[in-house]
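The next block holds one structure in the form of structure tokens; read it before the comments.
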Amino acid sequence: MKRILEMSHISKAFGGVKALTDVHLEVNEGEVHALLGENGAGKSTLMNILTGVLQADSGKITFLGKDYYTPTITQMEEAGIAFVHQELNVINDLTVVDNIFLTRELTGKFGLIDEDKEVQKTRELFESLGVKIDPTAMVRTLKTSEKQLLEICKALYTDAKLIILDEPTTSLSNEEIDHLFGILSKLREQGKSFIFISHKMPEIFTIADRYTVFRNGTFISSGDIKDTTPKDVTSDMVGTTFVDADMYEQRELGEEILKLHKLSGRGFSKISLSFRKGEIVAFTGLAGSGASELMQTMFGVLPIEGGSIEYKGKKLEGSIAHFMKNKIAMLPSNRKENSVIKDLSILENFYIAEHVLSFKKQIIKKSVEDERYEQQKKTLRIKAASSSAEITSLSGGNQQKVFLAKWLNTGAEVLLFNNPTRGVDVGAKAEIYRLILEFAKAGKTVIFNTLEIPEVQKIADRCVVFYGGKVAAILDHKDVSEKTVMGYSTGINTQR
Amino acid sequence: MKKTNNLTKQIGSFWAHYSYIVVMLVIMIVYAITISANGSSFRWSHITAILSSQNTCIIGTMAIGMALVVLTGQIDLSIGSSLVFTTSACIVVFNMTNSILAMIAAALIVGGILGLINGALVGLAKMPPFIATMGTMLIYRSLSLSVVRSMDTAISGSTSSQFAMLRSNSKYDFLRFSFGTGKILSIPYITLVFLLMVLLFIFVTKKTKYGKSIYAVGSNEKAAHLSGINTTFIKVSVYVVTGLLVGVASVLQACKLGNITPASSGKSYEMYAIAAIVLGGISMAGGKGNLLGVIFGALSYTTVNFIIVSIPSLTVDIQDTFQGLVLIIVILIQTLSPVLKEKAQIAKRRRLAESGK
Ligand SMILES: Nc1ncnc2c1ncn2[C@@H]1O[C@H](COP(=O)(O)OP(=O)(O)OP(=O)(O)O)[C@@H](O)[C@H]1O
Ligand SMILES: [Mg+2]
């Protein structure tokens, strides 16, 4: 087995925060290497160091027999490393093709860009990978999952020896993930290596060959996947024995609070559903099923094209602020584009939504805001040094927790969560599930959109499966299983 | 070793947040040197001249509005022409009514309306700000021009294609002399108005929910929208606020100079205002910057002008070249210094790492 990458004695601090302390990582040729750890463990930071995005304070990188100390991005690209970042980095104002060929355009006569050839190549690439995206579409019009696929395709298109995938599957459906794994296996046989970062255990045990675990910026363990169990690596990650307890309990639900009556909108039509106080409902469906669009319409982001939304018997229609005033909140998908306000601090990102509701009282009382933040920080276990730090200084999972906190802070009665545990580690995930159950017990209605069926099984009272803009099935808690949901969401089964 | 490290860190963070103060001090020192090189000595009166210059107060007041507009990621090219239009209006109202209150009200109302027109074009009709305000820039000035030529001189106050305040009005002396050129503790009143406005808007941007929404819209409009912020309202409102500030500036203009010439007054003021806010450390990309910077930016900009004028060998023709050069150099220092610092650090680490292994 040939070793292609060796990172040794790597340390990195941001100001006073030690992100990595003397860690090491070895990757062999033709393997998928899982890099594991809780939110803020230092996974993305190490990858940023490997690819020259950040510079280590000390340590050495050996890639394909050559030593690097503080390489530049171009150096590592040329050495043969491709990087799919945790947050999407596509350019919305260019076409799919232009994104793929950016900085390595195919040229024809007179050095002009040969667009036809590029489109042709992209078609072939997408076909071989089984991706159904129009190469000439503007990236702006793509769904989040399609953007993620585009990023992966872009990395696979290079002739890199080592491809880093930092949480590549967070907005992909099971089907798309299976497909991706098929491709990875094929490339692995051709001798390519992958560093694969994910918080989803089943995934890791399906695709990875070896693993490395970090905790709080230090190296904990490394080995063959076949010699370990999900339970053991999770314990390594969290530092104590982790019990994945079954937490669902049947509850007495309250009266009907929110009702959709023959609601039509972009990507779905004539949906009638009703939700009760204290109920937890999961929406699920593949890209194009309309589940995400429905959720956005229920928050005033997309327009109502027919039918109505009724909250406590009152019709709701209008601006997002109007929905917020009626005690509805929505955590959007695609954190970087839809949530992160990069020039505002953590605290400012936290209070910005609540301020829309309390806009009449213009003056900000920092002490009050800090108190509210600290409270949420404690319940959600947000790992952040100071509330005045930049939001982008937080790890992905901790950013997600700040945005959960932001919406909880609005005092909403109906919480719409689009992919709420995206990029959140196992411990914190369990924490968020526990919180959702608690909100429900306190009488709040939680509707969440997810592609992870285990998540649905853990907490949802009901699961609504969407297919082609219609409700394909409404399943009770006890009837939810990967298989039934799969059947309905691919249109193989129909309930009605 | 540790102590010096801490000190450099502190200096570094001061530079990152307040580089515009350092920039102003350096420019002041250069000014002092050029003055002594010309045989006179640098005095307090030189500083008050900078403080009371119309570049500082009038352009500075309008630059506050420009800063807000730029923070939301937009631009307003019409402020110079708006100043002409509002000043014309407020002088006419003064000439007709001899009332200070009516004059101020006219300035604010007309300024606000001009701003609202800009805001409506950009925010409601969704036109690109650059184009929309370029259009109104042409319109506002030419409207004033065409009116001044046809207006009764008893109302316009002048026969020479100008609007001028009527000396015969009883409030004239108070406005022009007691207020317009008056001072307290050697600081002119009109400078105090400018400083007051900056303080007000520092408060608005730092301590109010409206202010934070401005930053949010400029930093990530989509995320701001999804947080419930009425982004259209914010984007329109900053133009209206700018219009109101132009109104304030036009009262200062009227009181300081007593007249306005539609054909030539206020030309390129939008560019000067942009220069002032950029010198004040506000990012043209939106979402980033501190309103305190506007004070220092305006002072820096005025001082640069004074330096140029104080060098006798610079002819009028070449003055703009110097102005442009200074601007480019200062911005270059501000944008390049973090890059260079990072490069130096990397090089140092690389040397250490390679010699160690
Ligand atoms: N630019 C930065 N400035 C300050 N601190 C940072 C910066 N980037 C990362 N950190 C800190 O370094 C630590 C490691 O972050 P990193 O993003 O590597 O975590 P991660 O393992 O990728 O977590 P996640 O699973 O949540 O993505 C965190 O505590 C984070 O707050
Ligand atoms: Mg990460």
- Query: Residues in region A:32-66 that are within 29 Å of A:Glu189 (Cβ to Cβ) and either in a strand (DSSP E or B) or among the small types (Gly, Ala, Ser) (or both): how many?
  - Reply: 13
- Filter region A:32-53 down to residues that are more than 8 Å from ligand 1 (Cβ to nearest atom) and without any contact (Cβ under 8 Å) to a residue 60 or more places away in the chain, then give me how many there are. 3
- Note on the structure: Of the conditions (1) within 13 Å of chain B (Cβ to nearest Cβ); (2) near ligand 1 (Cβ under 8 Å from one of its atoms); (3) not hydrophobic (A, V, I, L, M, F, W, C), the single one that A:Asn398 does not satisfy is (1)
- Message: Name the residue that is nearest to ligand 1 (Cβ to nearest atom), counting only residues in region A:401-411 that are under 13 Å from A:Ser339 (Cα atoms) and away from chain B (no Cβ under 11 Å).
- Response: A:Lys401
- Task: Evaluate region A:157-174: report whether one residue or more is in contact with an Asp or Glu (Cβ under 7 Å, 6 or more places away or on another chain), of a type outside the set (S, T, N, Q) and away from ligand 2 (no atom under 16 Å from the Cβ).
- Result: no
- Item | Qualifying positions in region A:1-17 - within 16 Å of ligand 2 (Cβ to nearest atom) and buried (at least 16 other Cβ atoms within 10 Å of the Cβ) | A:Ile10, A:Lys12
- Task: Examine region B:40-54 for a residue that is of a type in the set (A, V, I, L, M, F, W, C) and touching a strand residue (DSSP E or B) at 6+ places or on another chain (Cβ under 8 Å), and state whether such a residue exists.
- Result: yes
- Message: So in region A:426-467, with the set limited to residues that are more than 20 Å from the chain's Cα centre (by Cα) and of a type in the set (Ser, Thr, Tyr), which one is nearest to A:Gly40 (Cα to Cα)?
- Response: A:Thr445
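Residue-by-condition table, conditions (1) more than 14 Å from every other protein chain (Cβ to nearest Cβ); (2) touching a helix residue (DSSP H, G or I) at 6+ places or on another chain (Cβ under 6 Å); (3) away from ligand 2 (no atom under 16 Å from the Cβ):
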residue: A:Leu50; (1), (2), (3): yes, no, no
residue: A:Leu54; (1), (2), (3): no, yes, no
residue: A:Thr62; (1), (2), (3): no, no, yes
residue: A:Thr70; (1), (2), (3): no, yes, yes
residue: A:Ile81; (1), (2), (3): yes, no, yes
residue: A:Asn92; (1), (2), (3): no, yes, yes
residue: A:Leu106; (1), (2), (3): yes, yes, yes
residue: A:Glu115; (1), (2), (3): yes, no, yes
- May I ask you to verify whether A:His85 is out of contact with any helix residue (DSSP H, G or I) (no Cβ under 8 Å at 6 or more places or on another chain) and either more than 13 Å from ligand 1 (Cβ to nearest atom) or in contact (Cβ under 8 Å) with a residue 40 or more places away in the chain (or both)? no
- Task: Return only the number of the condition from (1) farther than 12 Å from B:Ile27 by Cβ; (2) in contact with a Ser or Thr (Cβ under 7 Å, 6 or more places away or on another chain); (3) surrounded by 22 or more Cβ atoms within 10 Å (Cβ to Cβ) that B:Ile282 does not satisfy.
- Result: (2)
- Message: Of the residues B:Lys207, B:Lys183, only one is away from chain A (no Cβ under 14 Å), among the charged types (D, E, K, R) and surrounded by fewer than 20 Cβ atoms within 10 Å (Cβ to Cβ); which?
- Response: B:Lys183
- Item | From B:Ala154, B:Ala223, residue being of a type in the set (A, V, I, L, M) and more than 30 Å from A:Ala329 (Cβ to Cβ) | B:Ala154
- In region A:367-387, how many residues are polar (S, T, N, Q) and either within 16 Å of ligand 1 (Cβ to nearest atom) or within 14 Å of another protein chain (Cβ to nearest Cβ) (or both)? 3
- Message: Here is a check on your reading of the model: is A:Glu390 over 23 Å from A:Asp166 (Cα atoms) and within 14 Å of chain B (Cβ to nearest Cβ)?
- Response: no
- Item | Single residue of A:Ile304, A:Ile257 found to be among the hydrophobic types (A, V, I, L, M, F, W, C) and assigned to a loop (DSSP other than H, G, I, E, B) | A:Ile304
- Message: For region A:333-347, give me each residue that is touching a residue at least 24 places away in the same chain (Cβ under 8 Å) and within 7 Å of chain B (Cβ to nearest Cβ).
- Response: A:Glu337, A:Ser339, A:Val340, A:Ile341, A:Lys342, A:Leu344
- Query: Failed condition for B:Cys255, given (1) within 10 Å of another protein chain (Cβ to nearest Cβ); (2) in a helix (DSSP H, G or I); (3) not polar (S, T, N, Q), with all others met?
  - Reply: (1)
- Could you please find all residues in region B:51-84 being surrounded by 24 or more Cβ atoms within 10 Å (Cβ to Cβ) and under 12 Å from B:Ala254 (Cα atoms)? B:Ile58, B:Leu83, B:Val84
- Task: Kindly state which strands (runs of 3 or more DSSP E) lie completely within region A:150-230 and contain at least 2 residues that are under 17 Å from the mean Cα position of the chain (by Cα) and more than 24 Å from A:Asp134 (Cβ to Cβ).
- Result: A:162-166, A:193-197
- Long-range neighbours under 6 Å by Cβ, at least six apart or interchain, first residue of a type outside the set (Gly, Ala, Ser) within region A:387-399, second at pLDDT 90 or above and part of a helix (DSSP H, G or I): A:Ile391/A:Ile346; A:Ile391/A:Asn349
- Members of region A:1-31 that are in contact (Cβ under 8 Å) with a residue 60 or more places away in the chain, closer than 28 Å to A:Lys186 by Cα and not β-branched (Val, Ile, Thr): A:Leu5, A:His24, A:Leu25, A:Glu26, A:Asn28, A:Glu29, A:Gly30, A:Glu31
- Message: Would you confirm whether or not region B:261-278 contains a residue that is surrounded by fewer than 24 Cβ atoms within 10 Å (Cβ to Cβ), under 25 Å from B:Arg176 (Cβ atoms) and of a type in the set (A, V, I, L, M)?
- Response: yes
- Enumerate the pairs (first residue in region B:319-337 and more than 15 Å from B:Ile277 (Cα to Cα); second residue anywhere and outside any helix (DSSP H, G or I) and not acidic (Asp, Glu)) with beta-carbon separation below 7 Å, excluding pairs fewer than 6 apart on the same chain, so at least 6 apart or on different chains. B:Phe322/B:Leu314
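The values are calculated or read from the model by the stated rules, or taken from the named source; none is laboratory data. Treat the numbers as computed from the prediction; the structure is a model and nothing was measured. A quick note on method: Cβ atoms are made from the backbone with ideal geometry, for glycine too, and the neighbour counts reach across all protein chains shown.
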